[in-house]
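Laboratory data are not the source of any read-out in this text; all were calculated from the coordinates shown. Only a predicted model underlies this, so the values are computations on that prediction, with no experimental measurement involved. With ideal geometry, Cβ positions are generated from the backbone for all residues, glycine too; neighbour counts draw on all protein chains shown.
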Amino acid sequence: MKRGLSDKAKKQIKKDEEFYELIFNTYANRCAECDFPLNDVFRDDGRVVARWQYSHNLPKSTHPHLRHHPLNMERLCLKHHEQYEAGGEKRKKMKIWKIVEKKIKKMLQQCKK
């Protein structure tokens, strides 16, 4: 017998999608790294288009309290999403890294208050 998602998982997905929609409507529809055009439609047949383009600056696994913080997100094309998610030196070589560092510092300062 196939089991569906738990109510807790469904609620988390709903919150994530609401957050992604906020980012979609706030950030430019372009890759933050290379300016490549990203999709200009958020949903298609009720599903979020290209969820991979939403990349957290601080991982959800280690910073769950910042999962839905607007400064904890970048919109990236697939190529740069993969580079960004690889982390480490690959991430630090990206053009957006200096900006991301400032966003992380600001976000962490806000959370201390």
Filter pass, Gln53 being touching a residue at least 24 places away in the same chain (Cβ under 8 Å) and not hydrophobic (A, V, I, L, M, F, W, C): yes
Test: residue in segment 20-43 that is surrounded by fewer than 17 Cβ atoms within 10 Å (Cβ to Cβ), of a type in the set (Lys, Arg) and farther than 18 Å from Lys106 by Cα: yes
Leu71 touching a Cys at 6+ places or on another chain (Cβ under 7 Å) and surrounded by 16 or more Cβ atoms within 10 Å (Cβ to Cβ): no
